[in-house]
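Shown below is the structure under consideration.
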Amino acid sequence: MQTATCGPYFRRLNGLLNFSRYLHTQKHAVHVAECPRNAAQPLRLLLIGSPGSGKGTQSERIQKNFSAAHISSGDSLRKNIAEKSEVGLAAALAMNNGKLVSDDLMTIVIKNELDQLNSENWLLDGFPRTIDQARILDQMLNKSFQPLNLVINLSVPEEVILGRIMDRWVHIPSGRVYNLSYNPPKVTGRDDVTGEPLSKRADDNPDTFKVRLENHRSMTKPLLEHYKDILVTLHGNTSDEIYPQIERELVNRFGMLPRRLERNSSGINPIARRFRKSRAAPQVPEEPHFMTAGANV
Ligand code: AMP
């Protein structure tokens, strides 16, 4: 992780203040070594994870809790296709054949998204997918002096992902997705809204999925190597297990504070307010435990 030397002083100070507020909400002792390492930089995060690793869920949580913009290459392509843009029409040809969209097209799509960003913090998912794309992205970001400063690799055991896929059922006409383990339909095998039968997606079978996982592994390996200096691999079986680890990284490295702990308009953070009201020890729901920080690649 690079140390920023030229960021505005006030932002560094703000990062440290945020961090210190966060520490006050922690139930466990924190070591000095866990001081924020990079409080002066806004977040420029790349999220990497195999299909079924919960990348979408984590992106949504980061976006919501840290006011970060989320750029998903798949979503951007689908938006272009829906708008029938020139890029979208060309990309649709590749996507409909299950192929990757060319680097030239991807560069146009992602550059366009980055140019439109109006959020200081952002996260990318789905791009770059290849080492060539990583180099293109590096060049693009270096030109605007905003290189990626964190890559999070979500590591979920293959058997857990396969189990999840086997439990997944879809109502094809509406696209509603159910999972027998954590989001079952009210009536077994039937859509909650229409009562129509649920189906398996053609590619939700273990053999097809194993191939997708293997493809992802071989494509991702060079990316992980390319970004090894800013890479953190987080392990867990569920998104709920991994998300607190992500928060810990963002707080530790960037001095960012999850929204629920930010000061409200009265200048008091809600945890502190509750503490003052009840005069009891603050209870911090779903709070990440502080452990020794550092990349665990
Ligand atoms: P996703 O929603 O990320 O699964 O992406 C859907 C499809 O969009 C992929 O199967 C590819 O055809 C295309 N796509 C998304 N991101 C990229 C990328 N970085 N490079 C090439 N093609 C991509």
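The values are calculated or read from the model by the stated rules, or taken from the named source; none is laboratory data. Just so it is clear, the structure is predicted and the values come from calculations on it, not from any experiment. Using ideal geometry, Cβ is built from the backbone for each residue, glycine included, and neighbour counts are taken over all protein chains shown.
If I go through the stretch 163-204 residue by residue, how many of them are free of Cβ contacts under 8 Å to residues at least 12 places away in the same chain, of a type in the set (S, T, N, Q) and within 23 Å of N237 (Cβ to Cβ)?
1
Checking the condition among the β-branched types (V, I, T), away from the ligand (no atom under 11 Å from the Cβ) and surrounded by fewer than 17 Cβ atoms within 10 Å (Cβ to Cβ), which residue from I131, I62, I48 passes?
I131
Determine the pairs where a residue that is charged (D, E, K, R), located within the stretch 84-103, has a partner that is near the ligand (Cβ under 9 Å from one of its atoms) with Cβ atoms under 7 Å apart, the partner being 6 or more residues away or on another chain.
Qualifying pairs under 7 Å: D103/Q133.
Would you mention how many residues in the stretch 74-94 are more than 12 Å from the ligand (Cβ to nearest atom) and loosely packed, with under 13 Cβ neighbours inside 10 Å?
5
Do we have any residue at all in the stretch 121-144 that's modelled with pLDDT under 90, within 26 Å of T57 (Cβ to Cβ) and not in a helix (DSSP H, G or I)?
Here is the first cut: in the stretch 121-144, the ones modelled with pLDDT under 90 are 144.
Then drop every residue that is not within 26 Å of T57 (Cβ to Cβ), which leaves none.
Checking the stretch 121-144: not a single residue is modelled with pLDDT under 90, within 26 Å of T57 (Cβ to Cβ) and not in a helix (DSSP H, G or I).
What is the one condition in (1) among the polar types (S, T, N, Q); (2) more than 16 Å from the ligand (Cβ to nearest atom); (3) closer than 22 Å to L100 by Cβ that S174 does not satisfy?
(3)
From the residues in the stretch 95-114 that are in contact with a Ser or Thr (Cβ under 9 Å, 6 or more places away or on another chain) and more than 16 Å from L45 (Cα to Cα), which one is surrounded by the most Cβ atoms within 10 Å (Cβ to Cβ)? Spell out how you get there, then give the answer.
Taking the stretch 95-114 and keeping what is in contact with a Ser or Thr (Cβ under 9 Å, 6 or more places away or on another chain), we get 100-101, 103, 106, 109-110, 112-114.
Applying the additional criterion that residues be more than 16 Å from L45 (Cα to Cα) yields 100-101, 103, 106, 109, 112.
On the way: L100: 14, V101: 21, D103: 15, M106: 26, V109: 22, N112: 14.
Here the answer is M106.
Can you tell which of T107, T130 is of a type in the set (V, I, T) and touching a residue at least 40 places away in the same chain (Cβ under 8 Å)?
Numbers: T107 fails: touching a residue at least 40 places away in the same chain (Cβ under 8 Å).
After applying the criteria, what remains is T130.
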